[in-house]
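None of the figures in this text is laboratory data; all of them are computed from the coordinates on show. These numbers come from a predicted model, not from an experiment. Here the Cβ positions follow ideal geometry from the backbone for every residue, glycine too, while neighbour counts run over all protein chains shown.
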Amino acid sequence: VLTDKKLLCRSNGEDSFKVLLPDGKIDPFQFFCAINDDNGVWFGGMSKIFRYDYETEKLTMFSEIKDRKSFGCSHISVINDTTLLCTSHNGILEFNTQTGEFSSTPYGMDRLISCSMIDSKGRVWIASFNRGIDIFEKDGKRLKTFHKENSDLSNNIVLCMKERDSVVWCGTDGGGITTIDLDNDNIQVLSHVSGDLSSFPANSIKSLYVDDYGDIWAGSIRDGLISI
């Protein structure tokens, strides 16, 4: 459980949560996002990256962005075995998991980033506020852009993205969910229609999750949790 002051953990079979203290410090730390690998979990915070090790069961403050104190790491994606893509509202950086160093990216996106992801083809998707989605090769070459003016994207404010079976699901702020097929760029929209009880129940989607059965869970801003 990630909060703006501490990190909580409950192991299978236990009845209660325990507080994980980075390096034993009781100072409040902010935790915004997480991504796991075979050996542990990376957590993004305010200008900090934390690491939880499965073997030692310890949490450490792994690295700090000293020249960007307002970099709140809200999304983490895996580029390769040694590099993570860290996204903040005010920019996007690459993080080397071996050296702990941060560096700029070749994507030319430095402000109002709402979310990012890397698809199964290795391409980088970046959504910036009210500008839709830009897709890049890892070397920085821009491949395509989706927004309302050039596609059927339901809303230019994209808050979250998740891939399932070669289809990227994009949660928007006001336009429901837009799905984009990686093979042919076909776009479909799930949105709420007033008075239609069979339509999608929400139009503002903040988070998306694909479970072990391939089902999708959508966290909406005002209409609860939706199972798809």
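Rounded if a/c is under 1.5, else prolate if a/b is larger than b/c, else oblate: which is segment 1-55, with a ≥ b ≥ c the root eigenvalues of its Cα gyration tensor? Oblate, because a/c is 1.5 or more while a/b does not exceed b/c. Would you mind counting up the charge near residue 214? Only other residues with Cβ under 13 Å from its Cβ, with Lys and Arg at +1 and Asp and Glu at -1. Residues near residue 214 contribute -3 overall. Note that segment 83-88 has calculated 3J(HN,Hα) couplings of 9, 10, 9, 10, 10, 10 Hz, one per residue in order, obtained from phi through the Karplus relation 6.51 cos²θ - 1.76 cosθ + 1.60 (θ = phi - 60°); glycine and proline are x.
With a ≥ b ≥ c the root eigenvalues of the C-alpha gyration tensor of segment 22-97, is it rounded (a/c under 1.5), prolate (a/b larger than b/c) or oblate?
It comes out oblate by the Cα gyration axes.
Once you reduce segment 144-175 and segment 13-90 to the center of their Cα atoms, the two points are 27 Å from each other. Taking amide H as placed 1.01 Å from N in the peptide plane, the amide H of residue 89 sits under 5 Å from that of 72, 74, each at least 5 places away or on another chain. Backbone amide hydrogens, once placed in the peptide plane, bring residue 33 within less than 5 Å of 44, excluding anything fewer than 5 places away on its chain.
Applying the Karplus relation 6.51 cos²θ - 1.76 cosθ + 1.60 with θ = phi - 60° to segment 171-178 yields 3J(HN,Hα) values of x, 10, 9, x, x, x, 10, 9 Hz, where x marks Gly and Pro. A simple packing score, the average count of other Cβ atoms within 10 Å per residue, orders the peptides 193-201, 164-172 as 164-172, 193-201, with the highest score first. Taking amide H positions as modeled 1.01 Å from N, with prolines and chain starts lacking one, the residues under 5 Å from residue 174 and 5 or more places away or on another chain are 204, 205. The Cα-based radius of gyration and maximum Cα-Cα distance (Dmax) for segment 107-228 are 13.9, 47 Å.
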